[in-house]
Every structure is written in C-alpha cells, then in structure tokens.
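Let me begin by presenting the structure, written as structure tokens, before commenting on it.
The values are calculated or read from the model by the stated rules, or taken from the named source; none is laboratory data. If you're wondering where the values come from, they're calculated on a predicted model, not measured in any experiment. Because the Cβ atoms are built from the backbone with ideal geometry, glycine has one as well, and the counts that use them run over all protein chains shown. Remember, those area values only see protein heavy atoms, side chains included, never the ligands or the DNA or RNA. Shrake-Rupley method; radii C 1.70, N 1.55, O 1.52, S 1.80 Å.
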Amino acid sequence: MLGVGGYIAFDRARPYLHGSGCEAAAGTSKMPLDLDQAANASTISAVAFRKQLPERAAVIAYATAIQESHIRNLASGDRDSVGMFQQRPSQGWGTPAKLRDPVQSTSKFFDALVKVKDYLDRDVHDAAQRVQHSADGRAYAQHEPDGKLLAQVFTGRQPAGARCWYPPNKQTESRRPDALREMRRAFGPRLQVDGPGPLSAGAPSRSDSWNGVKVTNPRGGWAVAAWAVTHAQVYGLKEVRFAGRRWQSKAGHDGWTTDKNAPTNHVIIH
C-alpha cells in the first residue's frame, strides 16, 4: 500500500518536477532552450519557409541570433539595438516596434542576407557579418554547430526533434484561433488550415475541437509541428499530432510518443 501510494504521489508530482523548458535534438546532439528561445527559433525557420530559403540561410540566421541575443527578443541593447538580431533603427532597419516583432525582424534579416553575393557559399561568420556589420564578425563562427542543429530541427529535417514542457500551473487558456493566425503570419499564406475549430480572430477555442494544417511533405509538417509545440504554452495548445507521433502539453517532457492514427497529410492541433 505504501508503494502504491508513493507511486500515485510521484505520478501526480511528476509534471511539476521538470519545471519549464525545451530541447532541440538530432541524433546525439542536443541543445537546451527556454520557452521563449524555442518559440523564437521556430519562428526563424517559419520565416525561412515563407521566403522559400534553403536550410543554410537558417543556419546563418541562428548563428547570428545566438551571438546577438541568445535567441531572445531583447527590448534594448548596445546603443539603439533591439530584438533578436539587435538591429538598429538608426541604421535603417526599421522602427523599434517592428524590430521587436520576431517575424518582422527575421524577415528583415533574410531580406538583407539574400542581397549578399554568393552568401550560400560563404563561411557562416562571413555571411552574417556582411549583414550585421558587427564590431567583430568572427564571433558568429563559434555558433555554427548550434545553428546547424537548430536548423535541422526547426526546418523539419529532423522529425520530432523539438519538445517543450511546463507544469500544470503554467498551462494557459486555449487560444488556438490566435495561434493559427500567428502561425500563418510566420509561415505565410501558402499554409492552409482546416478542421472544425473556428479560425476568426478572438473566436472561442473549445477544448473538444481541433484544427488541421495541410502539409505536402514530412519536412514541412515537422516544421509546423515544431512551431506548434514551441508556442503551445503561450496559446494554450494541448496536443499536436503528425506522422504517427503525438506531443501532449500535460506530458511534454516525454516528448513525441507513438500515435498510429496521427496523419501524414495534416498536422492536427488541439
């Protein structure tokens, strides 16, 4: 009886023991992230998807964001620098409000990157420096391995590579319609959403409803799934299902578990 009671107590306490966090993993390589970092990381790949850029572009963006802000959306920095990439309004990057928007700041970074001649053939630190004009562009080089890992996971080349977890007292009310609208803002209008759940802004989100994001290939599906998992806490998402796997917020630390009914042509979001 004591053993059974102890197990029940542990099972109830387990969701609280791990705290909050995320992890990007591919093979034996792993990188811990907090919830904000993971959400920003998935946004970078989503914008690369919208702009139809290769994985190498995402690697350069990640190495830059790690060096500049540790992939955090900073409200301030050196002089008038703001945001993940520490872009400066005084240098023509845009208004502070736009640069504090991860989707817009990432878009501006990529817009500048693709103007760098032969950027895909340059060393990561060289391409990054030609965008950033930093005091010491060599510093970006040290983050290339982590940039490659993040790009592999968040562009979807590594299936089920992103997981996040947080305790029950950090669960938030479901705002799935808002999440899907933000997802489409990052990934672009090519992303099609269907399912019985409402999609209009501010619409109520019933816990027994769901929506599906149409995907045409596994890589795109896993990129969408990673975005959903890393934004689950903010938008109160409870479950993500895709390609025979399932992630649940109540057991987020367990990562992706087997779900034979999870489709390959839709990412199902509850």
**OP:** Within segment 76-83, identify whether any single residue is acidic (Asp, Glu), open to solvent by less than 60 Å² (accessible area, probe 1.4 Å), modelled with pLDDT under 90 and farther than 20 Å from Lys51 by Cα, and answer yes or no.
**Re:** yes
Original post:
Looking at segment 245-257, is at least one residue open to solvent by 10 Å² or more (accessible area, probe 1.4 Å), in contact with a Gly (Cβ under 6 Å, 6 or more places away or on another chain) and either farther than 18 Å from Asp208 by Cβ or charged (D, E, K, R) (or both)?
Top reply: no
**OP:** Look through segment 117-129, keep the residues that are in contact (Cβ under 8 Å) with a residue 12 or more places away in the chain and buried (at least 17 other Cβ atoms within 10 Å of the Cβ), and return whichever of them is nearest to Val59 (Cα to Cα).
**Re:** Val124
Original post:
Can you name the condition, by its number, that Pro177 falls short on among (1) open to solvent by less than 10 Å² (accessible area, probe 1.4 Å); (2) farther than 16 Å from Thr28 by Cα; (3) touching a residue at least 60 places away in the same chain (Cβ under 8 Å)?
Top reply: (3)
Subject >> Test result for Val114, touching a residue at least 60 places away in the same chain (Cβ under 8 Å) and surrounded by 20 or more Cβ atoms within 10 Å (Cβ to Cβ) >> reply: no
Original post:
Got a number for residues in segment 125-155 being at pLDDT below 95 and of a type in the set (A, V, I, L, M)?
Top reply: 2
Subject >> Top-ranked residue in segment 84-107 [being in contact with a Gly (Cβ under 6 Å, 6 or more places away or on another chain) and either aliphatic (A, V, I, L, M) or open to solvent by less than 60 Å² (accessible area, probe 1.4 Å) (or both); ranked as nearest to Trp227 (Cα to Cα)] >> reply: Ser105
